Amino acid sequence: MKIDRRCFLSLAIGAGAGIALSPLPWKLTDDLAIWTQNWQWTPVPKRGAAKTVNSVCTLCPGGCGISVRKIDDRAVKIEGMETHPVNRGGICTLGLCGLQLLYGPTRVKGPLKRVADRGKGQWMPITWDQAIREVTEKLSAIRKSGRPQSVATMSGASSATLDALLDRFGQAYGTPNTIRFPSVDDAYHLSVSLMSGGKARVAFDFEHAGYVLSFGAGLLDGWGSPVRMFKANALWKQSGVKLVQVEPRLSRTAAKADTWISIVPGSETALALAMAHVIISESLYQAEFVESCSEGMEGFKEFVAAKYTPDIAAKMTGVDAATITMLAREFAKSKRPIAVCGRGQGTIPGSMDMFMATQVLNALVGNLNQPGGVWFVTDQTMQEWPEVEPDAAAKAGLAYPRLDGAKGMVPLKRSLPNQFVQAVASGKDYPIEALLVIESNPLYTLNDTALVKQAFSKIPFIVSFSSFMDDTAAYADMILPNPVYLERMEDVIGASGFPYPTIGLSQPVVKPQCNTRHVGDVLIQLAKGLGDTMARAFAWKDFSACLEASLGDRFKTLKKSVFQVDKSYQPPAPNEIFASERFSFIPRGIQADVAFKPIAAEGDTGGYPLMLMAYDTMRLSNGYIGNPPFLTKILEDTVLKNQDCLIEINPKSAKAAGLDEGDRAEIQTPKGKALVRIHLDDGIMPGIVAIPRGLGHEAYDVYLAGKGINVNSLVGSLSDPISGFEAAWGIRAKLSKA
Amino acid sequence: MKNEQSHETTKKFGMVINLDLCTGCGSCMVACMAENNVPFKPDETDKLKSITWMRVYRLTNGKSFPETDICYLPRPCQHCEGHGGHSPCVSVCPATATDYDSQTGIVSQIYTRCFGCRYCMAACPYHARYFNWFDPVWPDGMEKYLNPNVSPRMRGVVEKCSFCYHRYQAAKDRAYVEGQREIEEGDYQTACTQACPAGAITFGDLNNPEHAVYKLKQDANAFRLLERLGTNPKVYYISSKEWVRRAADNYLPNEKTGK
Ligand code: SF4
Ligand code: SF4
Ligand code: SF4
């Protein structure tokens, strides 16, 4: 039989049909599927005994309670603690990712010593004994040579006891340079002392407010205690409380607000003052409070009448005069209105004019220390420790001025890391010879990254106590890793913006996963090694003993209950608190036009036609804690695409610059330039471009390093003339096609 | 066969998501990933290949500044009932790897049966299903946090939101141990519902008048996604904004929304 082409084809087709009709291919596909499903590298999580451990989350200043589900000794899930008064069972995106930080690849597994050039990523593991010995020797040599003032600490620790321990370390060692990272809480605190001489944490009784006016505070973008704010917003929605958001960009807060007022950035103070003018001139203010509790109203009235009428403010803010008047009336006529400020998540304190203008509005409507108002809260205090007895060396060191220039202007422990960095970079006064970095990542989080790097390059010895290989740790000479928050015990006093005094004690939920030591323990060991007065000042056995010493009887109960809250707390009544010192509309000793002078953005309008603003989002952690993988995973592809950061711009402005969606572009500011991609968004004012905080890390792991750009490196640093706090909220910029 | 379960009251688990409260934070997405052992890769910016059982979409009203408005819309699997359990995905699966549970109304996904043909993905109008293009990889040590109640999936299978079915099983077990009582509303809550800091998600038995969802789904502003396709989903949404309700279905420009 001859097989021709046609015959072959029909045979082939017949065979094909036969195979297809037989169960063979289906069986094989199924087998193949089953085989691939049994690849042993897909992990099978182990079963075991389940239990729940409660603790306090310290990833942000929110102070939420958490319930961690465990299977044997593994932590498998973090949930919100139902009974905790701050978050009442809810939990935020970052809090949910905590286990990725605990078990993540970016942790520093044990003490490390740098072996190659700084920042080259070459380390030698060393023992704790060696690490502590070497740091002690260094500190001892500096102190012996009579320059204790040249040792500095920079700390973002949330633990009140650790904070006190660091102060004590400075006192006993002899350095005034104990630097903390201030936030809006500090700016609020300062506004209280400037305007009424008081000393208090400022909090907001949002749950009982009747109207909320926010000047750029990202109330639903992670401001204050984020979960609490989300719940408050739900309450407002259900009870018809109006939220007005004043902001140049349609943030999540603006999107959820009842009214979004887009405003020229940096002119918020002008809007607040014009509102004050309307309220005063139309006699809408609360006469009783103004008469019996305040002073300086006349001068203030003249000031705003001359400089901040709605017509004048309209030109500055871009908000028309009628809207300003309407807003002022609405605010003043509402029950229990609250005005609040503090840009974004409030991690950068900002300029004082905004805070004082906000407090003026709250005072005009008499909503200070009232239910549903702004409260001056006195938190629980720690028990006193025995006084430090500084020796002669310490006294000499302490006689030096602080390098950051902060000094006894206010009854507040004020720190100015921005100015500290400038002083170190410029070599002003005296050099810093050793820097201890605790729970912070200044090389990433401070504005003008290049300047920070320049300053740090002048410091011969940098020790990082970070749990993670963050940008600053990567640049250090030694890393003495701290356990992460789920492995350690620490106290947290107060929750940001929360009106009731709380105190929390975070619990070790799992045993330490790495060869870490608590920075408090290390400080005690260092002090013991330094001997004499240092050893005497740090007589505790370990940090836990130190916690017990500061918490007293509360220590034992807190170990069980995790938190304490004084729900019956009432702030002192206005006539009581303002009896000795009245609320002053113009802070005493400061001229009105100085007090309320907005900070202009750096850069000239000619060369830089646009304005760059950094913004905060719940999907990016932008402080000491780097974004965990899950958070980066849920970032929109309009914010990050592959490794590129997208910059938000109004289609009109983009068109003017000849740019379209997805285009590559170069953004340039007086501080630097970077490559970005364009994302057109109608929710942003023309003339403004926005980049989120939290991207552009050089360190960490493959899940975060090298993604996007660090907006802090494009924004310079501006010090507020009154407080010295970081006040830059943006910078002028230009975009060109790349 | 059909009336096998007739002596039991059938449940119909579902959700009502209040979009007026949702802030788009993404906690529900993360809670779901943490609860259900959803993996992650170094680059997750290709959203077609990024597995998120719960995904929060951002809707805009299409107007220019300053009339722009946005709304966030969390989208789990809609657990479509179709007509009599014929959800789009279930009807096309050749391997019976996805099934409609008539006792709970939950659309299941059985990974060991799925052979990856992805017909269901093509059929699902909500893009609620995801394919494992890669083997899941947890960096060394991170597999410690995996939840033993949910099996990690392997390359080549489809996965999707299960309404945290393992939590239902656990709730039933607990109820059984505690004397064979009926499970109550609070006994079975999904991970996303529990985590949402805004309290935007409510979960429960849509058939049970005692459950919050029963009332909420009758809200005048309640609607479902692409309702007119006849998918009969069990996830309801509430929005006071007309443009959002319109965006939820394929409305013609002049067509009225609502029932
Ligand atoms: S967790 Fe709640 S508020 Fe956040 S995106 Fe999900 S549904 Fe919306
Ligand atoms: S949403 Fe999609 S996957 Fe879920 S039941 Fe409906 S068709 Fe199936
Ligand atoms: S119900 Fe469970 S599986 Fe579904 S989206 Fe919510 S958390 Fe994920």
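The values are calculated or read from the model by the stated rules, or taken from the named source; none is laboratory data. Since the structure is predicted, the reported quantities are computational estimates derived from the model, not experimental observations. Here the Cβ positions follow ideal geometry from the backbone for every residue, glycine too, while neighbour counts run over all protein chains shown. Just so you know, the surface numbers come from the protein's heavy atoms only, side chains and all, with ligands and any DNA or RNA stripped out. Shrake-Rupley method; radii C 1.70, N 1.55, O 1.52, S 1.80 Å.
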Taking square-rooted eigenvalues a ≥ b ≥ c of the alpha carbon gyration tensor, is chain B rounded, prolate or oblate, where a/c under 1.5 means rounded and, failing that, a/b exceeding b/c means prolate?
rounded
Protection proxy (average C-beta count within 10 Å per residue), highest first, orders A:421-430, A:353-362, A:557-566, A:641-650 as A:353-362, A:641-650, A:421-430, A:557-566
Mind checking which lysines have their Cα closer than 24 Å to the Cα of B:Lys12? Skip sequence neighbours fewer than 8 apart in that chain.
B:Lys2, B:Lys160, B:Lys172, B:Lys215, B:Lys217, B:Lys234, B:Lys259
What are the ³J(HN,Hα) values, in whole Hz, obtained from phi via the Karplus relation 6.51 cos²θ - 1.76 cosθ + 1.60 with θ = phi - 60°, for each residue of the stretch A:88-104 in sequence order, with x given for Gly and Pro?
6, x, x, 8, 9, 4, 5, x, 5, 8, x, 5, 6, 6, 4, 9, x
Please give the average number of partner chain Cβ atoms lying within 10 Å of the Cβ of each residue in A:92-99, rounded to a whole number.
6
Residues of A:234-240, mean number of Cβ from any other protein chain within 10 Å of their own Cβ, rounded to a whole number?
3
Take every DSSP beta bridge with both residues inside the stretch A:614-738 and express the antiparallel ones as a percent of the total, to the nearest 5.
70
Between the stretch A:503-540 and the stretch A:347-402, the alpha-carbon center distance in angstrom
27
Within the protein assembly as shown, what percent of beta bridges assigned by DSSP are antiparallel, to the nearest 5?
60
The stretch A:1-149, convex hull of Cα, quarter of hull surface, nm² -> 22.6
What is the pair-distance distribution P(r) of the stretch B:29-77, computed from all Cα-Cα distances in 10 Å bins starting at 0, with each bin given as a whole percent?
22, 41, 24, 12, 0
What is the packing order of peptides B:204-210, A:263-269, taking the mean over residues of other C-beta atoms within 10 Å and listing the highest first?
A:263-269, B:204-210
Per-residue ³J(HN,Hα) for the stretch B:46-63, Karplus 6.51 cos²θ - 1.76 cosθ + 1.60, θ = phi - 60°, Hz, x for Gly and Pro:
7, 5, 6, 10, 9, 7, 9, 3, 9, 10, 9, 8, 10, 9, 10, 7, x, 8
Sparse-neighbourhood loop hits (GluC sites (Glu not before Pro), the stretch B:146-193; DSSP loop; Cβ within 10 Å at most 11 others) -> B:Glu178, B:Glu182
Can you work out the base-10 log of I(q)/I(0) for the stretch A:632-711 at q = 0.24 1/Å, using the Debye formula on its C-alpha atoms alone?
-1.17
Given the DSSP H assignment, sum -39500 (n - 2.57) over each helix run of at least 4 residues in chain A and divide by its residue total; what's the result at 222 nm in deg cm²/dmol, nearest 500?
-10000 deg cm²/dmol
For peptide B:191-202, what's the mean number of Cβ atoms from other chains within 10 Å of each residue's Cβ?
6
Run the dipole for chain A about the Cα centre, Lys and Arg Cβ at +1, Asp and Glu Cβ at -1, nothing else charged, and hand back the magnitude in debye, nearest 20.
1900
For the interface of B with A, what's the total buried accessible surface in square angstrom, probe 1.4 angstrom, rounded to the nearest hundred?
5600
Once amide H atoms are placed 1.01 Å from N in the peptide plane, what residues at a sequence separation of 5 or more from A:Leu220, or on another chain, have their amide H within under 5 Å of its amide H?
A:Thr253
Send over the Kirkwood Rh of the protein assembly as shown, from the inverse of the averaged 1/r over different Cα pairs, rounded to one decimal Å.
30.3
Return the distance in nm (one decimal) between the two label points of a simple spin-label model at A:Ala399 and A:Ser239, each offset 7 Å from Cα along Cα→Cβ.
5.9
What's the carbon and sulfur percent of the stretch A:34-137's accessible surface, probe 1.4 angstrom, rounded to a whole number?
54
For the stretch A:65-204, what is the convex hull volume of its Cα atoms per residue in Å³?
204
May I ask you to give the average projected area over all directions of the convex hull of the Cα atoms of the stretch A:326-375, in nm² rounded to one decimal?
3.9
Tabulate in residue order the Karplus-calculated ³J(HN,Hα) for the stretch B:209-216, using 6.51 cos²θ - 1.76 cosθ + 1.60 with θ = phi - 60°, rounded to whole Hz; enter x for Gly and Pro.
x, 7, 7, 4, 4, 4, 6, 4
So, in the stretch A:21-163, how many Lys pairs have Cα atoms under 19 Å apart, if the pair is 8 or more places apart or on different chains?
6
Relative packing of peptides B:19-31, A:302-314, A:286-298 - highest average C-beta neighbours within 10 Å first:
B:19-31, A:302-314, A:286-298
